[in-house]
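I have placed the structure first, in the form of structure tokens, so that the comments after it can refer back to it.
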Amino acid sequence: MKILTFDIEEWFHILDNPETQTTESWRQYDSRLRQGVDAILELLDEAGQPATFFCLGWVAEQHPDVIRSIDNAGFEIASHSYGHQLAYEQSREEFKEDLTRSLGILQDIIGKPIDTYRAPGFSITGKNLWAFDELIEAGIKVDCSLFPADRAHGGLPSFGAAVPTVGSRNGQTIRLFPINTRSVLGKKIIYSGGGYFRLMPSALLRRWFGDDDYVMTYFHPRDFDPGQPMVPGLSPLRKFKSYVGINGAKDKLRRLLELNAFTDVRSAARSTDWAAAPQVAL
């Protein structure tokens with residue numbers, strides 16, 4: 001299965017940057033959310049493809065009309081937290097409060113329960129596996145937060161095979177769709193979203209997307225917005241990661257939508273044989 005997902009954030013929601021870490025700092029920037037989401041919806045309409053949209057509660061609070069437009073178009077709405085903070089930097093109480101706030105805002109806007117979640121920066125790691133206790137308690141049934149490789153924001157390289165997995169925690173279970181990996185020269189490579197996707201050559205992306213049975217994508221409106229301003233305060237390396245390949249990213253995605261059949265998280269969860277899926281203690 002190939003799962004299509006988008007993390008609905010503003011262009012300035014970049015992690016590891018002191019200039020844009022707080023909700024107070026975000027208020028100084030102009031929004032580009034509507035045009036970014038409209039461009040994505042247009043692409044999906046052209047291709048007739050489903051997708052899951054992981055939405056920030058803060059974004060939903062500022063732009064409820066955008067969230068409604070996604071929902072009205074028939075796409076699944078999921079939570080991407082409220083305040084776009086790295087989960088492993090939060091206390092358990094802060095994480096719970098952020099999650100609860102996000103779910104409340106999103107559910108009030110669309111009038112439907114939210115049961116799917118992705119942490120900002122895939123920031124559930126070995127240091128904060130207690131996050132799964134809070135997710136389960138909040139009614140989350142499917143999580144897409146695990147990055148089973150080394151990563152600047154932590155990752156969980158010990159997770160095992162990057163396939164749909166049943167996670168068990170304190171006698172309860174949660175369904176997991178981790179980011180997929182490719183082994184290249186003995187190293188786990190990510191290619192299906194963000195800067196990794198923008199950096200990879202189109203021909204290689206088409207080959208890997210076509211060959212791999214399980215692909216979990218993650219894109220953002222800013223990945224396809226060459227007109228966005230540059231976020232201040234970024235290191236040279238962070239600038240490269242944040243802006244490389246933006247000019248050609250939309251055409252890359254359009255071609256992949258033409259060549260592959262995608263599903264959303266909700267449909268993937270329904271079609272997975274969870275009784276036969278690997279199980280892992282969290």
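Every number in this text was worked out from the coordinates using simple rules, so none of it is lab data. Predicted, not measured: the structure shown is a model, and the values here were computed from it. FYI the Cβ positions are ideal-geometry reconstructions off the backbone, even for glycines, and counts take in every protein chain you see.
Assorted remarks:
- When the trypsin sites (Lys or Arg not before Pro) in the stretch 102-176 are filtered for DSSP coil states and for at most 10 other beta-carbon atoms within 10 Å of their beta-carbon, no site remains.
- Point-to-point label distance, R182-S158, nm (Cα→Cβ direction, 7 Å offset): 2.9 nm
- Rounded if a/c under 1.5, otherwise prolate or oblate - the chain, Cα gyration tensor axes: rounded
- Our estimate of slack between R68 and D213, defined as 0.36 nm per intervening residue step minus the Cα-Cα distance, is 49.0 nm.
- Where labels lie 7 Å past Cα in the beta-carbon direction, separation of K112 and T23 in nm: 2.5 nm
- 222 nm mean residue ellipticity, helices alone, for the chain (DSSP H n ≥ 4; -39,500 (n - 2.57); rounded to 500): -10500 deg cm²/dmol
- Largest GNM mean-square fluctuation among S271, S69, S79, using the chain with Cα springs under 10 Å: S271.
- Simple Cβ-charge dipole of the stretch 2-281, Lys/Arg +1 and Asp/Glu -1, about Cα centre, in debye nearest 20: 920 debye
- Each Lys and Arg Cβ is given +1 and each Asp and Glu Cβ -1; about its Cα centre, the stretch 133-282 then shows a dipole of about 540 debye.
- Separation of alpha-carbon centers, the stretch 205-282 and the stretch 33-58, rounded to whole Å: 13 Å
- Lys/Arg +1, Asp/Glu -1 at C-beta; the chain dipole; positive extreme among A275, N180, G111: N180
- Remark: relative contact order (the stretch 2-281) = 24 percent; criterion is Cα-Cα distance under 8 angstrom and separation of 6 or more residues.
- Most positive-pole-ward Cα, L204, I136, T22, against dipole of the chain from beta carbon charges: L204
- In terms of its C-alpha gyration tensor, the stretch 195-282 comes out prolate, because a/c is 1.5 or above and the ratio a/b outweighs b/c.
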